[in-house]
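Written below as structure tokens is the structure these notes are about.
The values are calculated or read from the model by the stated rules, or taken from the named source; none is laboratory data. If you're wondering where the values come from, they're calculated on a predicted model, not measured in any experiment. FYI the Cβ positions are ideal-geometry reconstructions off the backbone, even for glycines, and counts take in every protein chain you see. Note: areas computed on protein heavy atoms with side chains; ligands, DNA, RNA excluded. Shrake-Rupley method; radii C 1.70, N 1.55, O 1.52, S 1.80 Å.
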Amino acid sequence: METFADYILSEEDLASKMEIVYYLAKKRKIFFDKSVIFKTEIARMFLNYSKIEVDKNLVLTATLLCNCKKVDNAQDIETIHSYAKRGAEQLEEFGFGKKFCKMCEEVNRYSNSNPRERESDILELVDQFGGMLLDRPERIGFKPDEALVLLEHRNLKDKYNRYLDTFMQFVGFLEKITVGEEVETTVIRRLVKTYYEAGDVPNFIKEVVYNYGPKVDKLMEKELEHLSKEMFCSIDNPNRPLFSEETAHKIMCHIEEKTVEAKG
């Protein structure tokens, strides 16, 4: 008998996958709002950029479901600390395997699950970074550079996340790409703007999957191609200096000293 897990994992079209979770949320009262779509799009872009060898379909499905037991604006510490573990238990009931459920439980570190799945490190980065970009009742959303500093020096201080450096490079890469017609803005800030302007969840899904996503993919591809050409030119140029000026000066001085010694 096909389970819900079988059904959604077999659906590889991201828009359809999002719609499936949207209707599941209404039926089973699980957490699913625009922030989930927002974070999933960040995860999708990160996977496309980084080329990390993970099952992309599995990771994006986990991004859509790992917060299924989250309570919006929860004040109770116990609720905050336990929702990921309770979510993993719910997902097991939906028919997901142990690895998938463990990945989702490790979206945060409150259950002290170890060793961590490598996919969990992706979920953690996307969940924390994405969450900091959006407004909350107690604060306005952070700028991407501010969120990165908090991610590295506060949220993940003294914690090992194998993809942190790659994720920071990814955000820096996106911050160099502008998108827009009348007013240009960076890719991440455009996603934040779309989040607030799109209205309800179904409309935000359409905006992200059919408008924002395809445009950004082309811009990312163009920027990566540009960077590749720059790297190729710097390697291929026979006249480029092999060493920096400082290093070259030290080497030349060393050669001159050796020459003087040899003549003496």
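Points worth noting:
- Some residue of the stretch 172-194 being of a type in the set (Phe, Trp, Tyr) and either more than 22 Å from Tyr49 (Cα to Cα) or in contact with a helix residue (DSSP H, G or I) (Cβ under 6 Å, 6 or more places away or on another chain) (or both): no
- Restricted to the stretch 29-116, the set of helices (runs of 4 or more DSSP H) holding at least 2 residues that are out of contact with any Lys or Arg (no Cβ under 6 Å at 6 or more places or on another chain) and closer than 30 Å to Met220 by Cα comprises 34-50, 56-65, 98-105.
- Leading residue by the ranking (least open to solvent (accessible area, probe 1.4 Å)) among those in the stretch 135-163 that are within 18 Å of Ile80 (Cα to Cα) and touching a residue at least 60 places away in the same chain (Cβ under 8 Å): Pro137
- Considering residues of the stretch 91-110 that are more than 22 Å from Gly130 (Cα to Cα) and out of contact with any Cys (no Cβ under 6 Å at 6 or more places or on another chain) only, the residue most open to solvent (accessible area, probe 1.4 Å): Lys98
- Qualifying position, being touching a Phe, Trp or Tyr at 6+ places or on another chain (Cβ under 9 Å) and either surrounded by fewer than 13 Cβ atoms within 10 Å (Cβ to Cβ) or among the polar types (S, T, N, Q) (or both), among Gln169, Gln128: Gln169
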